[in-house]
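Below you'll find the structure, written out as structure tokens, and then a few comments.
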Amino acid sequence: MKYLDYKERRQQGTFNFPIAFYHEIPHSPRYYMPYHWHRHYEIIRIISGAFHLTLNSDTRVYHEGDVIFITDGTLHGGNPHDHSCVYDCIVFDLQIVMKDNHACTKMIQDIMNHKIIIHTLLSEYSSSILPIVDNLTDALSRRKTGYEFMTQGCLYQLIGVILEEHLYEKQVNNAEDAERLNSIKNVLAYIAENYYNSISLDSLARIAGMNPKYFCRYFRSMTERTPIDYLNYYRIECACEMLSTKDISIKEAAISCGFNDESYFIKTFHKYKGITPKQFVKTEF
């Protein structure tokens, strides 16, 4: 479901403890990861199976035991390879390790200012990473008394290993790539704010500052979907959230998500979810 927005606006954790943990299994509402971005950092740990993940314009398949580090502002999304995939997500504000800790400020600022870019597949470079992330997920999942200390300790240890073992590279600016990524972010933000209205390919291309043909090709290379396919996918995600959290009819959900034809909505819903809206509601409740 659309628990992740294209520009994610949800608060991760609390104001004083800005870190959230998600354990994803086949029936979890967040199991399929919509393409999105946020100002937080994220660690994904593949527990079993395989996961197709796109980071900006790079798509890879990650497997059991892999630990992926996602920098703030990175466009990302993907799908489990099959229902054998189980994975954890830890989403956090890096400021959590800077509070009242002036000794680490300079190094953390270098990470936050993108002067150094942490390697994506951390587990590929160091055998020390997985045990630390195991302890981190254990603390966050059990949430026993004192887990906040355990969590922050693991984050300090993780960043310490990254810096000690040089699991990063210096920033290399590419203005053209950055401009294209910002264009896609603008399109995704527009979809998130206007999905219930009529949206054309031409209007999305204008927002991106590209001609429709090139925009469609570039958008697909980034998201593995055409713009209109992704628009409909996003609308169905919104409909799922509405049907799960509000007392509304299927017709009301369809209209609220930009579908004027209920039969087309049902057909599109089945295309993306494999079941009808009615079956979905029965499953949820």
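The values are calculated or read from the model by the stated rules, or taken from the named source; none is laboratory data. Since this is a predicted model, take the numbers as computed values, not measurements. Please note: Cβ atoms are built from the backbone with ideal geometry, for glycine as well, and neighbour counts cover all protein chains shown. For the accessible areas, the whole protein counts, side chains as well, though only heavy atoms, and no ligand, DNA or RNA atoms are used. Shrake-Rupley method; radii C 1.70, N 1.55, O 1.52, S 1.80 Å.
Among ILE248, SER263, GLY274, whose Cα lies farthest out toward the positive end of the dipole of the stretch 239-280, if unit charges sit on the beta carbon of Lys, Arg (+1) and Asp, Glu (-1)?
Going by the charge dipole, the pick is GLY274.
List the residues, sorted by chain then number, that are 5 or more residues from SER48 or on another chain and whose placed amide H is less than 5 Å from its amide H.
Correct list: VAL86.
Which whole-number percent gives the relative contact order of the chain, counting Cα pairs below 8 Å spaced six or more residues apart?
16
Residue by residue through the stretch 201-215, which ³J(HN,Hα) values in whole Hz follow from phi under the Karplus form 6.51 cos²θ - 1.76 cosθ + 1.60 (θ = phi - 60°), with glycine and proline marked x?
Using θ = phi - 60°, the values come out as 4, 4, 5, 5, 5, 5, 5, 6, x, 10, 6, x, 5, 5, 4 Hz.
Answer rounded, prolate or oblate for the stretch 47-181, using the Cα gyration tensor with square roots of eigenvalues a ≥ b ≥ c: rounded when a/c is under 1.5, else prolate when a/b is larger than b/c, else oblate.
It comes out oblate by the Cα gyration axes.
Report which label in [x] 1.06; [y] 0.98; [z] 0.95 holds the value of Rg/Rh (Cα atoms, Kirkwood Rh) derived from the coordinates of this structure.
[y]
Apply the Karplus parameterisation 6.51 cos²θ - 1.76 cosθ + 1.60, with θ equal to phi minus 60°, to every residue of the stretch 110-118 and state each ³J(HN,Hα) to the nearest whole Hz, in sequence, with x for glycine and proline.
4, 5, 5, 8, 6, 6, 10, 10, 5
At 1.4 Å probe radius, can you tell me the per residue accessible area of the chain in Å²?
Accessible area per residue, the chain: 50 Å².
Calculate the dipole size of the stretch 66-222 relative to its Cα centre from +1 charges on Lys and Arg beta carbons and -1 charges on Asp and Glu beta carbons; express the result in debye to the nearest 20. Working shown, then result.
Details: 13 positive and 19 negative charges, 95 e Å.
For the stretch 66-222, the charge dipole is close to 460 debye.
Only four residue types carry charge here, +1 at the Cβ of Lys and Arg and -1 at the Cβ of Asp and Glu. Report the dipole size of the stretch 144-285 about the Cα centre in Debye, rounded to the nearest 20. Working shown, then result.
Working: 17 positive and 18 negative charges, 116 e Å.
For the stretch 144-285, the charge dipole is close to 560 debye.
Just check the stretch 198-285 against the gyration tensor rule for me: Cα atoms, a ≥ b ≥ c as the square roots of the eigenvalues, rounded for a/c under 1.5, and otherwise prolate or oblate depending on whether a/b exceeds b/c.
Note, shape of the stretch 198-285 comes out prolate.
Can you run phi through the Karplus equation (6.51, -1.76, 1.60; θ = phi - 60°) for the stretch 26-34 and list ³J(HN,Hα) in whole Hz, with x for Gly and Pro?
The phi angles translate into x, 9, 6, x, 9, 4, 8, 9, x Hz.
Kindly provide the helix-only [θ] at 222 nm of the chain, computed as the sum of -39,500 (n - 2.57) over DSSP H runs of four or more divided by all residues, to the nearest 500 deg cm²/dmol?
Here the helix-only value at 222 nm equals -14000 deg cm²/dmol.
How much of the accessible area of the chain, in percent, comes from carbon and sulfur atoms when a 1.4 Å probe is used?
Carbon and sulfur atoms account for 50 percent of the accessible area of the chain.
Treat every Asp and Glu Cβ in the chain as -1 and every Lys and Arg Cβ as +1, leave all other atoms uncharged, and give the resulting dipole magnitude about the Cα centre to the nearest 20 debye.
Using only the charged Cβ atoms, the result is roughly 740 debye.
Expressed as a whole number of Å, what is the distance separating the alpha-carbon centroids of the stretch 40-88 and the stretch 146-209?
Here the two parts' Cα centres lie 14 Å apart.
Determine, for the stretch 91-212, the count of lysine pairs separated by eight or more sequence positions (or lying on different chains) whose alpha-carbon distance falls under 26 Å.
Lysine pairs meeting the criterion: 8.
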